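J.: The structure follows.
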Amino acid sequence: MKRSHFIKTTGLLTAGFLTSGNVLAHLLPFKDAVIGHDSHRYKIDMNWGALNAEFHPVNDCHEMVQDSKGRILLLTNHTKNNVIVYDRSGKLIETWGTEYPGAHGLTLSTENGEDFLYISDNVRHEVIKTTIDGKVVQVFKCPLASGKYKTEEAYIPTETAIHENGDIYVADGYGEQYIAHYNAQGELLNIFGGKGDQDHQFNNAHGICIDTRDAKNPTLLITARQQNKLKRFSLNGDFIESIDLPGAYICRPVIHNKNVYLATIWSNDGSDGSGFVSILNEENKLISAPGGCEPIYTANGLEKMYQTLQVFTHPHDVCVDDEENVYVAQWNSGKTYPIKLYRV
Amino acid sequence: MRIITVLMSIFLLWACKEVPKMALANTNDFRLTMPQISASNLLFHQKTNVSIRNSLDGATIKYTIDGSPVTKESVSYAKPIVLNESATIAAQTFHPDYQESSITMLQVRKVKEDIGSADISLVPKPHEKYKASGAKSLTDLKKGTLQFTDGQWLGFQTKSVVINLNFSEARKVSKVILSSLLNHGSWIFLPEEIEIISENKQVGKLQLNTPTESEVSAMHYIEILIAPKNYHDLEIKISPLNKIPNWHPGQGTGAWFFIDEILIE
C-alpha cells in the first residue's frame, strides 16, 4: 500500500470512529498527532531512521538532502559515519565518511547528470566537494586573498549554494559572516556581507540557497539567524530585501516547489528546546509552523513566533522529498535520529 | 452490535498499522510547551497588564495569581489580566489530547517608592559587555529578562560592587531590594553578602545561602531589611560569590554578579 494512501485511509477510519460518540473516543487505542497549519499539516514518525547507535552513531544531525535516486542522505558530525544514506522509509542503505569532524552543511548539486555533495566543515575550516559516494573532488579553503581574514581559523563555513553555472556561494555563518562567491574552478569572484546590523550584513549567516522560483531571475536567500530574518541578495551580492520572521531562529532555507522550508532551531526569546519548522508561501509569508503557534499577520507584520508543542528540540535542517514529506534533522537533541513528517 | 463494530474498527486500525514499518506518533506522546507570560511592566506604580499565550487549537491555559499551585480546576485564561498589586503569576496549558505543559511563573512587583530622582553612583564600573546605561539603569524601572545579554543588566566580575544612593531629602526606608539574576550555566550567581551602610554605620546586612546545583535560572528580588528611619544616603556594598562551588565546572573561581534594578520600601 502506498504510504500517502495509507494515511488518508487511517484518517478516514479515525474520523468515522470519532463521530460515533465521545464515550467511544476514549476507547481509541491511539489518535495520530497532526501538526502544522492550513495547507501544510503533518503526521509524525519520531523513530524514522533510528539505528543501532553502537554501529551507526550520530552526534548532531546537521543536514539532509535527497539525491537523484530518491535516497535520503544525512550529515552528522560523528566521524564513525559522517554520511548515512537511507531510503524514504528509513531503511539504512549505506554509510561513509570519517574525516569530517565539523560536518555541518550538506548541499546536493547535479552537474552534467551526476550528483555531487558540498560539505561545509566548521572544524576543518573548509568546504569539500565529493562524489555521491564520498570521493573527494575539490576543496574550497578560506578566501585569504580577499583580505577579510587574518587566519584560516577565522573562517567557519556553515553552508553552500551552487548555481547552475557551477558558481559556489559559501556562507561563513560561524566566522566573520561573509558570503564568498567562487567559480567552479575555485577562484574567488566576490565577497560580501560581513558582521553587523545593517541590511547587507549578518548576525549568524547560517544558511544559504539559490531561490529559483522565479526562473528568469534567480536570487540568493540567506538566513540571519540571530536577527530572525531571511535576506535576499542578487547573485552579484547586492542586498534586495529582508523577510522578517520575529521569534524564528531559522537555520537554512530549502526551496521546494513554490515554498521555502526552514528548520527553526529556537523560538520566541531563544530559549533551549523551543524549535519548530517554518514553511513560507510564494509571497514569503509564514503559512505553517509545525510544532509552533499559528502564524498571525497584523498591520505590524508577523506576530512573534513561539513553540506550542514539544515535538522538536532543536531542528537544524529540513529535507522535503518527492512525496511532499519532510525530514527534520536536529542539533543537540540527545543524539537522536531524524524525525519524518508525513503530509496529510 | 455496536461493541462488535468498535472492536472491528480497532482491529482494522491495528491491522492497517502493521503494513508499513512506521509508527505514527500519538497525541499523548507529546507535552505542550509552557505558556508564555508577559507583562506590560514587570515593575509598576499603578497597574500592569499580564497576558498569557499558547495558541494551540483546543488548548486551555489555567492560572493563579496568589502563589497557589495551578491545577486543572484553576481559573481559565481568557483575556489580559489587570493587576494593581505585586503578584506571582503561575500558568499551565492543558489539552484534551496532549500532555499538560510544565508550569511557568512570572513575578510582577508594585513599586512603592520612586527613587528615579536620587543621585546614584557605582564603583567599579560594570563589565564593558554588560553595562546597560550605567548606574542610572538601576533606578529606571526597566527590568531585564532572563536573557543576560538583553542590554538591561549590569554585569560584574569583581570582588566587590559598591552602590551609593543620595536622596535630595531624607526619606524613611526599612527595606532595600536588589533585582538580581541567577543563571549558573552562564556562571552568573547571586552574591554572597550584602551590607547596607549609612553615615559610616552598618544599618543592615544579609548573607545568602551557598548556591546549589538544583537552582534553575531565574530573576530574584533580594530583600535586605534595615533599621527603619529617615536616611539621606545609603551605601550598598555587595560581595559577589568569591568561589564557585565544587559541583560547578567553574569551581574555585569568581562568579559573575548581575543586577538590573534597586528598589526601596
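None of the figures in this text is laboratory data; all of them are computed from the coordinates on show. This structure is a prediction, so every number in the text was calculated from the model and none was measured. With ideal geometry, Cβ positions are generated from the backbone for all residues, glycine too; neighbour counts draw on all protein chains shown.
J.: Between B:Leu24, B:Leu241, B:Leu206, where does the largest GNM mean-square fluctuation fall for chain B, given springs only between Cα atoms within less than 10 Å?
T.: Sorting by GNM fluctuation, first place goes to B:Leu24.
J.: Quick one: work out the % antiparallel among DSSP beta bridges in chain B, nearest 5.
T.: On the way: 62 of 67 bridges.
So the antiparallel bridges amount to about 95 percent of the total.
J.: Would you kindly state the longest site-free stretch of chain A, with sites defined as GluC sites (Glu not before Pro) in a DSSP loop (not H, G, I, E, B) surrounded by at most 14 other Cβ atoms within 10 Å?
T.: Of all site-free stretches, the longest is A:188-281.
J.: While we're here: What angle, in degrees between 0 and 90 and rounded to the nearest 10, separates the Cα long axis of helix B:2-18 from the longest principal axis of the Cα atoms of chain B?
T.: 70
J.: Another question about this same structure. Considering only DSSP states other than H, G, I, E and B, which GluC sites (Glu not before Pro) in the stretch B:137-237 qualify as loop sites with at most 11 other Cβ atoms within 10 Å? Walk me through the numbers before you get to the answer.
T.: Numbers: sites: B:Glu169, B:Glu192, B:Glu193, B:Glu195, B:Glu199, B:Glu213, B:Glu215, B:Glu223, B:Glu235; in loops: B:Glu192, B:Glu199, B:Glu213, B:Glu215.
Passing sites in the stretch B:137-237 are B:Glu199, B:Glu213.
J.: What is the ratio of the Cα radius of gyration of the protein assembly as shown to 2.2 N^0.38 Å, with N the residue count, to two decimals? Don't jump to the answer; show the numbers that get you there.
T.: Numbers: Rg = 27.8 Å, N = 609, 2.2 N^0.38 = 25.2 Å.
This ratio for the protein assembly as shown stands at 1.11.
J.: Follow-up question, since we're still on this one. Counting partner chain Cβ atoms within 10 Å of every residue's Cβ in A:270-277, what's the average?
T.: Mean number of neighbouring Cβ atoms from other chains: 2.
J.: Cut-off under 26 Å on the C-alpha distance; same-chain residues fewer than 8 positions from A:Lys91 excluded. Which lysines are left, in chain and number order?
T.: A:Lys2, A:Lys8, A:Lys31, A:Lys43, A:Lys69, A:Lys80, A:Lys129, A:Lys135, A:Lys335, A:Lys340, B:Lys17, B:Lys21
J.: Rounded to whole Å and sorted largest first, list the principal axis extents of the Cα atoms in chain A.
T.: Per principal axis, max minus min of the Cα coordinates gives 72, 52, 38 Å.
J.: Now for a different question. With springs connecting C-alpha atoms under 10 Å apart, model chain A as a Gaussian network and identify which of A:Thr212, A:Thr130, A:Thr298 has the largest mean-square fluctuation.
T.: In this elastic network of chain A, the residue with the biggest mean-square fluctuation among A:Thr212, A:Thr130, A:Thr298 is A:Thr298.
J.: Also, quick follow-up: Report the FRET efficiency, 1/(1 + (r/R0)^6), for B:Lys201 and B:Glu85, where r is their Cβ-Cβ distance and R0 is 35 Å, rounded to 0.05.
T.: Once the sixth-power term is evaluated, E becomes 0.55.
J.: Of B:Asp114, A:Asp322, how do they rank once you tally other Cβ atoms within 10 Å and put the fewest first?
T.: In increasing order of surrounding Cβ atoms, one gets A:Asp322, B:Asp114.
J.: Gaussian network model of chain A, Cα springs within a sub-10 Å range: biggest mean-square fluctuation belongs to which of A:Gly49, A:Gly334, A:Gly273?
T.: Of A:Gly49, A:Gly334, A:Gly273, the Gaussian network model singles out A:Gly334 as fluctuating most.
J.: Enumerate the calculated ³J(HN,Hα) couplings along the stretch A:310-320 in order (Karplus 6.51 cos²θ - 1.76 cosθ + 1.60, θ = phi - 60°), each rounded to whole Hz, writing x wherever the residue is Gly or Pro.
T.: 8, 8, 10, 9, 9, x, 10, 7, 10, 10, 9
J.: Counting only other chains, what is the mean number of Cβ atoms within 10 angstrom of the Cβ of each residue in peptide A:308-315?
T.: Mean partner-chain Cβ count within 10 Å for A:308-315: 5.
J.: Working from Cα positions, state the angle (0 to 90°, nearest 10) between the long axis of helix A:3-19 and the longest principal axis of chain A.
T.: In chain A, helix A:3-19 runs at an angle near 40 degrees to the longest axis.
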